[in-house]
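A.B. asks: Structure provided below as structure tokens; questions to follow.
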Amino acid sequence: MEAARKRLSGIVVDGPIRDVDDLSLETRVYSTMVSPYAGSVQSPGEGVDVTPIICGGVTVNPGDLIFGDSDGVLVGSADTFSACVHEAENIMLVEQQLMKGMKQGVSLHSMMNFNEHISLRKQGKESSLEFKDLNTIKFDGLKPIHMQ
């Protein structure tokens, strides 16, 4: 309730949480697990800490941006996110296109180089599993996008 009162959009805990039924729907909470045991404050500190911390094995610096959804949590500087926004948008478009194809009955394997990849790997050759150019996949009424 305090997080909602402060209008926090989320909380990240590198450890267990409890009382999940009481957590506000307005505040997302990410943790490593849920536990029935109460925690305690071992070292309350001096107030607001402005030093980097390690959370989930990742360094979080003061001023970093934190984004989370049901898939997990991302952290980084504004510059880091600016550098990868285009690629992230492309991934989202590709995934949306693939989902539309599968909903229309097109198999995921047919939208990939799956058979070629397996054949090359069985021959001991190097190969990467990749999506085909979506222009070669026929989606009725859908405009395919170009993968880069």
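A.B. asks: Mind checking which pairs have a first residue in the range 61-76 that is within 16 Å of Val48 (Cβ to Cβ) and assigned by TED's automatic domain parsing to the domain that holds Ala88 and a second that is part of a strand (DSSP E or B) and of a type outside the set (Ser, Thr, Tyr), Cβ under 7 Å, 6 or more apart or different chains?
C.D. replies: No pair meets every condition.
A.B. asks: Can you find even one residue in the range 79-95 that is among the aliphatic types (A, V, I, L, M), touching a residue at least 40 places away in the same chain (Cβ under 8 Å) and part of a helix (DSSP H, G or I)?
C.D. replies: Step one: filter the range 79-95 for residues among the aliphatic types (A, V, I, L, M), giving 83, 85, 88, 91-94.
Checking the rest, the ones that are also touching a residue at least 40 places away in the same chain (Cβ under 8 Å) come to 93-94.
Narrowing the set further to residues that are part of a helix (DSSP H, G or I) leaves 93-94.
Within the range 79-95 (the criterion being among the aliphatic types (A, V, I, L, M), touching a residue at least 40 places away in the same chain (Cβ under 8 Å) and part of a helix (DSSP H, G or I)), the answer is yes, since at least one residue qualifies.
A.B. asks: Looking at the range 1-13, I want the residues that are part of a loop (DSSP other than H, G, I, E, B) and have a partner that is of a type in the set (Lys, Arg) with Cβ atoms under 8 Å, at least 6 apart or on another chain. Which pairs are those?
C.D. replies: Ser9/Arg28
A.B. asks: Quick check on my filter: what residues within the range 102-119 are of a type in the set (Val, Ile, Thr) and not in a helix (DSSP H, G or I)?
C.D. replies: Scanning the range 102-119 gives a single hit, Val106.
A.B. asks: Could you please let me know if Glu46 is in a loop (DSSP other than H, G, I, E, B), farther than 28 Å from Asp21 by Cα and free of Cβ contacts under 8 Å to residues at least 40 places away in the same chain?
C.D. replies: Values: in a loop (DSSP other than H, G, I, E, B): yes; farther than 28 Å from Asp21 by Cα: yes; free of Cβ contacts under 8 Å to residues at least 40 places away in the same chain: yes.
The answer is yes for Glu46.
A.B. asks: Can you spot a residue in the range 109-132 that is of a type in the set (Val, Ile, Thr), at negative phi, surrounded by 11 or more Cβ atoms within 10 Å (Cβ to Cβ) and touching a residue at least 24 places away in the same chain (Cβ under 8 Å)?
C.D. replies: Narrowing the range 109-132 to residues of a type in the set (Val, Ile, Thr): 118.
Right, trim to at negative phi and you get 118.
Within this subset, residues satisfying the condition of being surrounded by 11 or more Cβ atoms within 10 Å (Cβ to Cβ) are 118.
Now restrict to residues that are touching a residue at least 24 places away in the same chain (Cβ under 8 Å): none.
Checked the range 109-132: no residue is of a type in the set (Val, Ile, Thr), at negative phi, surrounded by 11 or more Cβ atoms within 10 Å (Cβ to Cβ) and touching a residue at least 24 places away in the same chain (Cβ under 8 Å).
The values are calculated or read from the model by the stated rules, or taken from the named source; none is laboratory data. None of the values given here were measured: they were computed from a predicted structure. In this analysis, Cβ positions are derived from the backbone assuming ideal geometry, glycine residues included, and neighbour counts consider all displayed protein chains.
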